[in-house]
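No lab work stands behind these numbers, since they all come straight from the coordinates. A quick note: this is a predicted structure, and the numbers were derived from the prediction, not measured. Virtual Cβ from ideal backbone geometry, glycine too; neighbours counted across all protein chains shown.
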Amino acid sequence: METTTLTVTESGARLDRYISDHLPDLSRAAVQRLIGDAQIRVDGIARKASHHVQIGEMITVRVPPPEPATPRAENIALDVLYEDDDLLVINKPAGMVVHPAAGHREGTLVNAILAHSPHLNIGGVERPGIVHRLDSETSGIIVVAKNDSAMRDLQAQFKSRRVKKTYLALVEGTVKPPRGKIDAPIGRDPKHRQKMAVITRGKRRDAVTVYHTLAVLGSARPHPSTPLRSAQDAGCYTLLEVEPQTGRTHQIRVHLAFLGFPVVADTIYGKKKNALGLTRQFLHAWKIAFTLPRDGREVSFVAPLAEELWEVLGKLGFAVSDL
């Protein structure tokens with residue numbers, strides 16, 4: 001840990017600007033991150049970036065050592081559905097981040113894979129073998145290549161849309177029509193840059209999602225003649241089988257929220273936190289079908305639902321045998 005102490009010699013500047021001006025090796029963005037992590041203190045007190053410094057104040061700046069570029073192996077249990085010399089098919093739990101990033105250098109799927117397959121022969125460092133992605137709070141199937149040749153083959157299959165992915169999503173309300181195709185481009189939300197959204201202008205990418213209803217659930221299902229302000233007023237939920245035809249960031253969640261039927265317990269695109277007692281969103285990468293890189297044989301895999309998702313469906317009257 002490197003520590004630097006500054007004595008303020010002029011008043012009025014914002015804390016983040018003052019530090020970046022006097023410590024040119026630190027960008028303003030880096031300074032703001034350190035302030036957010038309470039690594040910068042004014043007279044021993046953690047202040048906001050907008051704090052205006054005063055003459056005589058003592059600013060202490062602590063810069064942690066750089067995080068290693070190469071992820072380290074961690075002995076984390078994996079639910080392996082299939083494995084051969086070329087690839088792994090894993091049922092990822094909700095809550096597990098796929099690859100290391102700022103704030104998530106440990107406990108990721110990549111850390112677990114490096115321990116499970118220590119002789120992984122992949123050129124990439126940060127994302128060894130990761131062919132596609134799943135949100136951290138989405139459970140289910142993810143395919144991991146174990147060598148560069150398999151990586152190229154699987155990436156080509158995903159790019160040409162020869163991989164069939166099927167998700168299960170429980171959403172709020174009674175979805176109408178019960179089956180359909182959502183063809184709406186997705187890009188960065190202009191009002192909330194941390195979110196994605198259906199947009200018609202600016203930088204965006206085509207996105208297509210196909211869905212059909214498996215069941216309408218909920219003890220509060222009304223009589224068809226009962227007037228409602230919205231489907232959500234009925235206390236109903238719809239279990240959907242969803243097939244994304246493209247692979248945009250947050251695609252399923254964005255598209256279903258765009259229809260007015262957000263994924264249950266989705267805290268970013270949904271309307272309710274901890275809905276039905278869930279602490280993760282009800283979205284599960286259920287099935288996948290593709291061809292094996294080595295011999296071209298067609299294979300398919302199914303990832304069982306997590307126990308907490310089955311419990312929710314059971315409370316709504318949906319049985320295991322119905323799926």
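Using a simple spin-label model with pseudo-atoms 7 Å out from Cα toward Cβ, residue 188 and residue 77 lie 4.0 nm apart. Pop the C-beta distance of residue 28 and residue 1 into the FRET formula with R0 = 22 Å and round what comes out to the nearest 0.05. Calculated value: 0.55. Here the Karplus relation 6.51 cos²θ - 1.76 cosθ + 1.60, evaluated at θ = phi - 60°, turns the backbone of the range 163-180 into coupling constants of 8, 9, 10, 10, 10, 10, 9, 9, 10, 7, x, 9, 6, 9, x, x, 9, x Hz, with x for every Gly and Pro.
What is the sum of charges, Lys and Arg at +1 and Asp and Glu at -1, for the other residues whose Cβ falls under 12 Å from the Cβ of residue 30? Working shown, then result.
Values: positive: 28, 33; negative: 16, 25, 37.
Cβ neighbours under 12 Å give a net charge of -1.
Among beta bridges from DSSP that stay inside the chain, the antiparallel ones total about 95%.
Here's how it looks for residue 184: its modeled amide H is under 5 Å from those of 207, 209, which are all 5 or more places away or on a different chain.
Only residues of the range 39-55 count here: report those whose backbone N is under 14 Å from the spot 7 Å along Cα→Cβ of residue 11, or say none. Hits in the range 39-55 for residue 11 at 14 Å: 52-55. Put simply, the amide H of residue 215, placed in the peptide plane, has neighbours under 5 Å in 239, leaving out anything fewer than 5 places away on its chain. In terms of Cα to Cα distance under 20 Å, which lysines are near enough to residue 176, apart from those fewer than 8 places away along the same chain? Those lysines meeting the cut-off are 271. Only helices enter the 222 nm calculation for the chain: every DSSP H run of n ≥ 4 contributes -39,500 (n - 2.57), and dividing by all residues gives -5000 deg cm²/dmol, rounded to 500.
From the Cα gyration tensor of the chain, with a ≥ b ≥ c the square roots of its eigenvalues, which class applies: rounded if a/c is under 1.5, or else prolate if a/b is larger than b/c, or else oblate? Numbers along the way, then the final one.
Numbers: a/c = 2.28, a/b = 1.42, b/c = 1.60.
In terms of gyration-tensor shape, oblate.
A simple rule links phi to the HN-Hα coupling: the Karplus curve 6.51 cos²θ - 1.76 cosθ + 1.60 with θ = phi - 60°, which for the range 31-37 gives 4, 5, 5, 5, 5, x, 8 Hz, with x for Gly and Pro. The simple Förster model, with R0 at 45 Å and r as the Cβ-Cβ distance, assigns residue 48 and residue 206 a FRET efficiency of 0.65. Of all the options 212, 104, 52, the one that moves most in a Gaussian network model of the chain with Cα springs shorter than 10 angstrom is 52. Computed from the C-alpha gyration tensor, the three semi-axes of the ellipsoid equivalent to the range 163-323 are 26, 23, 14 Å, from longest to shortest.
Find the percent of Cα-Cα distances in the range 68-160 that exceed 18 Å, and round it to a whole number.
Working: 1656 of 4278 pairs.
More than 18 Å apart: 39 percent of the Cα pairs in the range 68-160.
Considering only 244, 64, 304, the mean-square fluctuation computed in a Gaussian network model of the chain, springs between alpha carbons under 10 angstrom, is largest for 64. Per-residue Karplus couplings for the range 4-18, computed as 6.51 cos²θ - 1.76 cosθ + 1.60 with θ equal to phi - 60°, are listed in order as 10, 10, 10, 9, 5, 10, 8, 8, x, 6, 5, 4, 5, 5, 4 Hz, Gly and Pro entered as x. Seen from all directions on average, the range 2-63 presents a Cα convex hull projection of 3.4 nm². Put simply, the amide H of residue 81, placed in the peptide plane, has neighbours under 5 Å in 89, 90, 91, leaving out anything fewer than 5 places away on its chain. Residues considered: 302, 242, 110. Largest GNM mean-square fluctuation over the chain, using C-alpha springs under 10 Å, is found at 302.
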